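Shown next, in structure tokens, is the structure this report addresses.
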Amino acid sequence: MTEFSDKAITTSNAIAVATGVGITPTLSLMMNYAGRKRINIIWVCRDPGLIEYILHKVDISAITRNSYTFIFYTGQRELSLPKHLPVNIFIFRSRPNLEITITGIVTAIHSGEGLPEE
């Protein structure tokens, strides 16, 4: 174990950044820690089919109930989204500004305001 991995395992809050199919191990991480940690997801993807598949077939709300999920879609065509997305999932049609996004997540958790479980 390293200093980083010790803190990553023992912290109650984490942020996972994934691109494209990198969402697969991220979702595995989320399922492993569901209910025990708040792991917020920042996912950048240009493949509309992958986003649609994940949002239609994976019960994201069950594994991210107390977390934020930010999806930054950079593809061309319109997404076919489920009718009812959980309130803690945000979809943007742009590339992320990671500094602003991560700072916003940390600020919300630290202040306790606007958290997904509210």
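Structure notes:
- The set of residues in the stretch 37-54 being touching a residue at least 24 places away in the same chain (Cβ under 8 Å), out of contact with any strand residue (DSSP E or B) (no Cβ under 8 Å at 6 or more places or on another chain) and either open to solvent by 20 Å² or more (accessible area, probe 1.4 Å) or of a type in the set (Lys, Arg) (or both) consists of ASP47, LEU50, GLU52.
- Close Cβ contacts (under 6 Å, 6 or more residues apart or on different chains) running from residues in the stretch 1-19 that are under 16 Å from LEU29 (Cα atoms) to residues that are open to solvent by less than 80 Å² (accessible area, probe 1.4 Å) and at pLDDT below 85 comprise SER12/LYS37; ASN13/ARG38; ASN13/ILE109; ALA14/ILE39; ALA16/ILE39.
- Residue in the stretch 80-92 that is surrounded by fewer than 12 Cβ atoms within 10 Å (Cβ to Cβ) and of a type in the set (S, T, N, Q) present: yes
- In the stretch 55-65, residue nearest to TYR33 (Cα to Cα) [restricted to those that are open to solvent by 40 Å² or more (accessible area, probe 1.4 Å) and either under 11 Å from the mean Cα position of the chain (by Cα) or among the acidic types (Asp, Glu) (or both)]: ARG65
- Residue tally, condition in a loop (DSSP other than H, G, I, E, B) and either within 24 Å of ALA34 (Cβ to Cβ) or aliphatic (A, V, I, L, M) (or both), over the stretch 66-82: 6
The values are calculated or read from the model by the stated rules, or taken from the named source; none is laboratory data. This is a predicted model, so every value here is computed, not measured. So basically every Cβ, Gly included, is an ideal-geometry build from the backbone, and we count neighbours across all protein chains shown. Remember, those area values only see protein heavy atoms, side chains included, never the ligands or the DNA or RNA. Shrake-Rupley method; radii C 1.70, N 1.55, O 1.52, S 1.80 Å.
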